[in-house]
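One structure is given here, and the rest of the page talks about it.
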Amino acid sequence: DKAGHRHFMAKEIHEQPTVSTYALAHYVDAATGLIRSEAEAVDFAQVDRLVLVACGTGHYACAIAKYWFERIARLPVECDIASEFRYREPPLSGRDAAVFVSQSGETADTLAALRYAAPHVGHVLSVVNVAESSIARESQIVLPILAGPEIGVASTKAFTSQLVTLGALAILAARQRGAIDEDEERRLVRILSEAPRKLSEAIACAPEIEAAAITLAEARDVLYLGRGPLFPLAMEGALKLKEISYIHAEGYASGELKHGPIALVDSSVPVVVLAPRDGLFEKTISNMQEVMARGGRIVLFTDAAGAEAAAEGAARVVVMPDCDPFIAPIVYAAPAQLLAYYAAAFLGKDVDQPRNLAKSVTVE
Ligand code: M6R
């Protein structure tokens, strides 16, 4: 049942404001405004390193969470794709906690990575959507994302629910490690709890996003740029676009632009910039100017302050709701998904069943 939408992917994108509240309700104690103590199965004060392993979209959720665990909890993080991790056989220790993130819980490489890590690390956690999956069964601690069945091959609502879950875990780790006090924990929980409402405001920009998507639909290559936690989101946005529209897209850290990818820029290569007005915004503006000077067409996703400062010269500007930088990668996920969705739908592609892809990759 597509609930009135043309595709499951559209339905699942629009479900995010609702579905993300399920993970929040599970991990946040509404009475105290703190992360629930049931989540305290690991004492992160006794953990020296967090190892985050996943494939595809789950990996980008991990790459965003790395910024949170490092910044909020001051916990060193190693983040890898499962297919590399399992064969690299990295050294692990009893003071590592390993977290395996998988929507299906059946991804072969992620399960093999878990089996490699389990005998060596202190804790094996999984962040899964399917609670009765193999990855869940083989982990000591299962953190459900509660996103409900995801049908579209392109992962959308699982991604934002993975982020909410990992965000809550980062706050818990910060508390246990003494990196934040109770007031700060409450403040961070309040910000995380704003994600569903902000997602809904972001989704309300659908008409402008659809117009921007038509700009992309005629391109052969598209670049996505972001800084900080929006850098992995740029890679996730590019993955969404290539999966369902078959347009070649790559995500880069904005600061890497002049180290190579700018050579690709001309008037035929749209550049999608994910840039709320944060501490690094001025740097992003100068990256955008470098693109525009070479005839590149900018599609800018920013907030009202960012649009005021930097809209000039951009081909398209989509004004996102104001939000705290902590949740920006969750809020900006929705437009990245919708951009890919509308481009693919405009091109008449099979959005829910893209060619060559399976929902669950159970062979390597
Ligand atoms: O079920 P999993 O989360 O383990 O799946 C991992 C990837 O196969 C998956 O995220 C894939 O990249 C999606 N098609 C992305 O949209």
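The values are calculated or read from the model by the stated rules, or taken from the named source; none is laboratory data. Source: prediction; values computed, not measured. With ideal geometry, Cβ positions are generated from the backbone for all residues, glycine too; neighbour counts draw on all protein chains shown. All accessible areas refer to the heavy atoms of the entire protein, side chains included, with ligands and DNA or RNA removed. Shrake-Rupley method; radii C 1.70, N 1.55, O 1.52, S 1.80 Å.
Things to note:
- Checking each residue in region 1-45 for being of a type in the set (Gly, Ala, Ser), open to solvent by less than 70 Å² (accessible area, probe 1.4 Å) and either farther than 25 Å from Glu182 by Cβ or modelled with pLDDT under 95 (or both) picks out Ala3, Ala10, Ala39, Ala41.
- Qualifying residue in region 147-163 (condition: basic (Lys, Arg) and touching a residue at least 60 places away in the same chain (Cβ under 8 Å)): yes
- Selection within region 316-331 - aliphatic (A, V, I, L, M) and either open to solvent by 50 Å² or more (accessible area, probe 1.4 Å) or over 13 Å from Ser193 (Cα atoms) (or both): Val317, Val318, Val319, Met320
- Among residues that are in a helix (DSSP H, G or I) and surrounded by fewer than 15 Cβ atoms within 10 Å (Cβ to Cβ), Ser286 is included.
- Residues of region 54-79 that are hydrophobic (A, V, I, L, M, F, W, C) and either within 20 Å of Glu250 (Cβ to Cβ) or not in a helix (DSSP H, G or I) (or both): Ala54, Cys55, Ala61, Cys62, Ala63, Ile64, Leu75, Val77, Cys79.
- Top-ranked residue in region 97-139 [being more than 16 Å from the ligand (Cβ to nearest atom) and buried (at least 21 other Cβ atoms within 10 Å of the Cβ); ranked as farthest from Gly167 (Cα to Cα)]: Val121
- Which numbered condition Gly4 fails, given (1) over 18 Å from the mean Cα position of the chain (by Cα); (2) in contact (Cβ under 8 Å) with a residue 24 or more places away in the chain: (2)
- Qualifying residue in region 158-170 (condition: within 12 Å of the ligand (Cβ to nearest atom), in a loop (DSSP other than H, G, I, E, B) and not hydrophobic (A, V, I, L, M, F, W, C)): no
- Flag set for Ala204, criterion: more than 18 Å from the chain's Cα centre (by Cα), surrounded by fewer than 24 Cβ atoms within 10 Å (Cβ to Cβ) and closer than 23 Å to Tyr332 by Cβ.
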